[in-house]
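Notes follow the structure.
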Amino acid sequence: SSPRMPPHPARGRFLTFEGIDGCGKSTQLKQLAEHLKCLRLPFLVTREPGGSETSERIRKVLLSRESTGMGAPAELLLYFAARAENVARIIRPALAQGHFVLCDRFTDATIAYQGYGRGLDLRLIRRLHKFACQGLTPDLTFVIDIDPHTSVRRALQRNTEASRDESRFEQESLEFYQRVRRGYHALARQEPRRVRMIPGEDTIENVHQKILFQARRLIAAAHRRGKR
Ligand code: TMP
């Protein structure tokens, strides 16, 4: 590479939103995107499973009612197949351009759902992550934390409102979601700098303000870079 290239090319920041189904993370992602838009900071929104064309096709396979009987190993590998494509084709290019990337779920979801929820080997999941994502880890992760009793109620409501075919997970048991939630709590304990727990049983605006507070340094730094 040319000697004139800066040693660390401008790299965007990677923010992910996590939590059990119905926690409100997608609403919060939209709120933060709106905030970045107002500040005229470039950003890209993506989701998992999904994001790239191939990954969206894999999403259909994973979340379709017809896949209810799929075994845990196949399911795990499909999540990582979708992620590998999303990382390579969507997330990395945007970060290389210096954009914020807001992603609805990432590897933490696999640790929480497939690891803690289904009981798959956490070390295997971490190795697959290294293989599929080539070491890409979020700069900041928000876990919107709510009691599964609340989220299951919200999810059932959503199912009756919209006739989506994505109801497979929402039929999981309360105990399953309690394990998933404990998984997210464990992640926050292990990586407190990256993984921030945000109490989710509050108004959309209050939760949004807490997220803005946690992200304030990243946003301020990007703002300064943009002005140079
Ligand atoms: P979503 O409703 O937030 O888009 O997520 C779809 C479902 O997929 C949700 O029930 C969580 C589940 N999921 C996993 O089990 N493992 C994963 O790695 C990801 C990304 C999602």
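In segment 31-55, which residue that is without any contact (Cβ under 8 Å) to a residue 12 or more places away in the chain and of a type in the set (D, E, K, R) is farthest from Thr110 (Cα to Cα)? Walk me through it before giving the result.
The first filter runs over segment 31-55 and keeps only residues without any contact (Cβ under 8 Å) to a residue 12 or more places away in the chain, leaving 34, 37-38, 53.
If we keep only those that are of a type in the set (D, E, K, R) too, we end up with 34, 37, 53.
Working: Glu34: 27, Lys37: 29, Glu53: 20 Å.
Among those residues, the one meeting the criterion is Lys37.
The C-beta contact set for segment 133-160 (first residue open to solvent by 10 Å² or more (accessible area, probe 1.4 Å), second residue among the basic types (Lys, Arg), distance under 6 angstrom, 6+ apart or interchain) comprises Asp139/Arg13. Within segment 184-203, residues that are in a loop (DSSP other than H, G, I, E, B) reach partners that are aliphatic (A, V, I, L, M) with beta carbons closer than 8 Å, at six or more positions or on different chains, in the pairs Arg194/Leu140; Gly200/Ile144; Gly200/Ile146; Gly200/Val207; Glu201/Ile146.
For the residues Ala74, Ala82, the requirement of being of a type outside the set (Ser, Thr, Tyr), surrounded by fewer than 19 Cβ atoms within 10 Å (Cβ to Cβ) and assigned to a helix (DSSP H, G or I) singles out Ala74. Counting the residues of segment 89-123 that are touching a residue at least 12 places away in the same chain (Cβ under 8 Å), more than 13 Å from the ligand (Cβ to nearest atom), assigned to a helix (DSSP H, G or I) and out of contact with any Ser or Thr (no Cβ under 7 Å at 6 or more places or on another chain) gives 4. For segment 34-55, the set of residues classified as away from the ligand (no atom under 11 Å from the Cβ), of a type in the set (Asp, Glu) and open to solvent by less than 60 Å² (accessible area, probe 1.4 Å) is empty.
The values are calculated or read from the model by the stated rules, or taken from the named source; none is laboratory data. The model shown is predicted, which means the values in this text are computed figures rather than measured ones. Here Cβ is always computed from backbone atoms with ideal geometry, including for glycine, and neighbour counts include all displayed protein chains. Quick note on the areas: whole protein, heavy atoms, side chains included, nothing else; ligands and nucleic acids left out. Shrake-Rupley method; radii C 1.70, N 1.55, O 1.52, S 1.80 Å.
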